[in-house]
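Shown next, in structure tokens, is the structure this report addresses.
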Amino acid sequence: MSEADKFELISQEMLDAIGKKSSPTKLEVDKLQIRLFARAVGHTDPIYYDEEEAKKAGFRSLPCPPGYLGTPIFDPSKAAAAAAGPAARGGPQPKKPLNRVLNGGTVIEYFDDICAGDTLTSQSYLADVVESPSASLGLLLISTNKTEYTNQDGKVVAVTTGTSIRY
């Protein structure tokens, strides 16, 4: 009897995918993108626009506003994989039952400053998958995905945790 035999929705393929990291994605942290993101989400603190203000506040350069974790560096040699969609980029994507999906939320943990001039590497993986009964929707499949961001020095500077709910 396999571990998946205990579940109604969770397959062995899903269980086997837990913890398997995607191929790395390189991201650049650029002053222009920091300014554009900060402006787009309504940040008015001058540390996101003026390098002197950022340095007065103790940053090396313009810091990333909350929620911005760099811009993927375009690599023409990987353009075909990018065009194939997220499954081609995000590591193992086992087939999941149930067609309706809700965003269960995203949490970003920061472990160090991320500033203009940094180069980040991200890798994603399925962290957990569970079944949960609901009062009116039947059995739910809850998946937790994590993405780790390391800087150019190899230090983990942020981790995002996203939850999706299938019903």
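None of the figures in this text is laboratory data; all of them are computed from the coordinates on show. If you're wondering where the values come from, they're calculated on a predicted model, not measured in any experiment. We place every Cβ from the backbone using ideal geometry, glycine too, and count neighbours over all the protein chains shown.
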### Query
Out of region 1-45, which residues are farther than 19 Å from Tyr149 by Cβ, outside any loop (DSSP other than H, G, I, E, B) and in contact (Cβ under 8 Å) with a residue 40 or more places away in the chain?
Glu13, Met14, Leu15, Asp16, Ala17, Ile18
### Query
For region 27-78, how many residues meet the condition of being under 24 Å from the mean Cα position of the chain (by Cα) and over 21 Å from Asp153 (Cβ atoms)?
19
### Summary
From the option list Ser122, Ser132, Ser143, single residue qualifying as out of contact with any Ser or Thr (no Cβ under 9 Å at 6 or more places or on another chain), assigned to a strand (DSSP E or B) and either surrounded by 18 or more Cβ atoms within 10 Å (Cβ to Cβ) or without any contact (Cβ under 8 Å) to a residue 60 or more places away in the chain (or both) is Ser132
### Query
Restricting attention to region 29-57, which residues are surrounded by fewer than 15 Cβ atoms within 10 Å (Cβ to Cβ) and among the acidic types (Asp, Glu)?
Asp45, Asp50, Glu52, Glu53
## Note on the structure
Within region 149-166, the residues that are surrounded by fewer than 17 Cβ atoms within 10 Å (Cβ to Cβ) and part of a loop (DSSP other than H, G, I, E, B) are Gln152, Asp153, Gly154, Lys155
